[in-house]
Amino acid sequence: MISIRTALGKTPDLETEILLCHALKRTRTYLFAHPEELLSSEQWEHFQSLMAQRAQGIPIAYIIGEREFWSLNLKVNRHTLIPRHETERLVELALELIPNRPDTYVLDLGTGSGAIALALANERPHWHIVAADISQEALKIAKENAQSHKIRNVSFYLSNWFSNLPRRQYHALVANPPYISEHDPHLQQGDLRFEPQNALVSSQEGLADLQCIIKQGYDYLLPDGLILLEHGYDQKLEVQTILNELQYKNVQCWHDIQGNDRVSGGWR
Ligand code: GLN
């Protein structure tokens, strides 16, 4: 029989701890409080199978089926991108820049697991959030996440960007679209290998979808409505050029926590 201490090994790393927590359905605090507790053979086998998946490179978030974003524990699977810290910066900016009034309509394009839409909806229960995605499977996860957090002010649409959205104008449009170039070597590394390629990769050096959203988005914004887009650390100039060409006002770029140019936006 194997104890929690032995299962963790001499110098346990965070990933091993997370996987053992998942196999035992216990918190990390519990592991450290009960190092002598023995694993059942089912628990040991389950833990071993999780470790084996990780050894194959499968992202932790997909193995345990969840990732925390903006203090919300979100269900994720291979049909959704794994929510990133950089995207929390976009949420922070949206909360800062969109006037906090009732009856505010915000559109989140390419919602994936629902991360941005649900974070905004949870912070601003009186706003109406419209969340769209091209993937039926992703929308299913996003809806489950809304339900499990009892978030009721998000409506979901199966839509290829604007193709199937209600014709209305919004106070703000936010998106973390695919923006990685198909030639980017990072796609062959780490978690990205397992994530949905249509959530990561865009043509024209990663700019095609950003351009499409900026172009078509104009008509979906109210006067003074805000567009706020996540992009690659080296895409600031290109994104700003597109925004300026389309006559958005007061075009700006903001850093993520690592100091990279990450979010750009402007006002109609
Ligand atoms: N920021 C992600 C990455 O570089 C990509 C997310 C996206 O394409 N929207 O891993």
#### Entry: Within segment 51-141, strands (runs of 3 or more DSSP E) holding 3 or more residues that are out of contact with any Lys or Arg (no Cβ under 6 Å at 6 or more places or on another chain) and away from the ligand (no atom under 16 Å from the Cβ)
72-75, 105-109, 128-133
### Task
Working only within segment 202-236, note down all residues that are farther than 14 Å from residue 179 by Cβ and more than 22 Å from the chain's Cα centre (by Cα).
215, 216, 218, 219, 220, 221, 222, 223, 224, 225
### Query
Within segment 125-143, is even one residue under 18 Å from residue 250 (Cα atoms) and in contact with a Phe, Trp or Tyr (Cβ under 8 Å, 6 or more places away or on another chain)?
no
### Selection within segment 248-258 - at pLDDT 95 or above and of a type outside the set (D, E, K, R)
248, 250, 251, 252, 253, 254, 255
### Query
How do the strands (runs of 3 or more DSSP E) wholly within segment 163-268 filter down when requiring 3 or more residues that are surrounded by fewer than 18 Cβ atoms within 10 Å (Cβ to Cβ) and either more than 16 Å from the ligand (Cβ to nearest atom) or charged (D, E, K, R) (or both): which remain?
221-230, 249-255
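The values are calculated or read from the model by the stated rules, or taken from the named source; none is laboratory data. Quick caveat, the model's predicted, so the values are computed rather than measured. For neighbour counting, all protein chains shown are included, and Cβ atoms are generated from backbone atoms with ideal geometry for every residue, glycine included.
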